[in-house]
Amino acid sequence: NAGVTQTPKFQVLKTGQSMTLQCAQDMNHNSMYWYRQDPGMGLRLIYYSASEGTTDKGEVPNGYNVSRLNKREFSLRLESAAPSQTSVYFCASKIVAGGAGELFFGEGSRLTVL
Amino acid sequence: GEDVEQSLFLSVREGDSSVINCTYTDSSSTYLYWYKQEPGAGLQLLTYIFSNMDMKQDQRLTVLLNKKDKHLSLRIADTQTGDSAIYFCAEEDSSYKLIFGSGTRLLVRP
């Protein structure tokens, strides 16, 4: 069972470069999320998509864009990477946005911006 | 805005009970969650509690909710070395987004 798959797992960028983190889920979930995890700060929500065709800003959206390509895929783009975006990025999905359903996480993408 | 706070570190001896505490701010949260993160992995749901409950037990795990004080705790009975991980408390805000605490690193000493 694949669950939530993120690529790449590791990436090193120079300041100003752009890149896209890819995320796909095979559980037919409606809602998808992008979080970043920094030491001592827990997980902070960057963007989310409650359903196919919608995207909304989370707590820390500046410097990022997202695309909900279809029900399965939700990508996160850094247009001009900055050292402050060095972090571990997690994609997650849930069957629907509300209710007690579990949020399923990918294994994370570790990004370093030099 | 909503905020979830946890202590950063807890160390216990194998076989003892562990209690991880959390405070949250959004009194309208319908569900409160505990997630576990092992090294190099994403988070996994451990358990959750509905806001109209004050206790939930699931094998070695006991969740206590004090809604008046907005305090949530997770007790792990007979803690094992395999329980060493980071534990995150989370509340669901009014837009159904999960707001996570900063995580409590549990170290279980043999």
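Overall, chain A carries a charge dipole of about 180 debye about its Cα centre when +1 sits on the Cβ of Lys and Arg and -1 on the Cβ of Asp and Glu, all other atoms neutral. Accessible surface of region A:23-110, 1.4 Å probe: 48 percent of it comes from carbon and sulfur atoms. Averaging the sequence gap over all C-alpha pairs within less than 8 Å and six or more residues apart, then dividing by the number of residues, gives region A:32-80 a relative contact order of 27 percent. Interface between chains B and A: roughly 1500 Å² of accessible area buried, both sides summed (probe 1.4 Å, protein heavy atoms only). The solvent-accessible area of A:I95, taken with every protein chain present and a 1.4 Å probe, is close to 90 Å². Rolling a 1.4 angstrom probe over the protein heavy atoms with all chains in place gives region A:65-114 an accessible area of 41 Å² per residue.
For A:V88, the shell of other residues with beta-carbons less than 11 Å away shows a net charge of +1, using +1 for Lys and Arg and -1 for Asp and Glu.
Take B:E92: with every protein chain present and a 1.4 Å probe, its accessible area is about 10 Å². May I ask you to derive the relative contact order of region B:42-110, considering only C-alpha pairs under 8 Å and at least 6 residues apart, and to give it as an integer percent? RCO, region B:42-110: 20 percent. Measuring spread by the Cα atoms of region B:19-110 yields a radius of gyration and Dmax of 12.9, 43 Å.
Rounded to two decimals, the Cα-based Rg/Rh of the protein assembly as shown, with Kirkwood Rh, is 0.97. Computed with a 1.4 Å probe over protein heavy atoms only, the accessible area of A:M27 comes to about 60 Å².
Distance between the C-alpha centres of region A:7-27 and region A:41-108: 12 Å, rounded to the whole angstrom. Note on region B:1-40: with neighbouring protein chains present and a 1.4 Å probe, carbon and sulfur make up 45 percent of its accessible heavy-atom surface. Sorting the Cα pairs of chain A by distance into bins of 10 Å, from 0 upward, gives 15, 50, 29, 5, 0 percent per bin.
The values are calculated or read from the model by the stated rules, or taken from the named source; none is laboratory data. Since the model is a prediction, treat every value here as computed from it, not as a measurement. Every residue, glycine as well, gets a Cβ built from its backbone with ideal geometry; the counts of neighbours run over all protein chains shown. Just the protein is used for accessible areas: all its heavy atoms, side chains included, with ligands, DNA and RNA removed. Shrake-Rupley method; radii C 1.70, N 1.55, O 1.52, S 1.80 Å.
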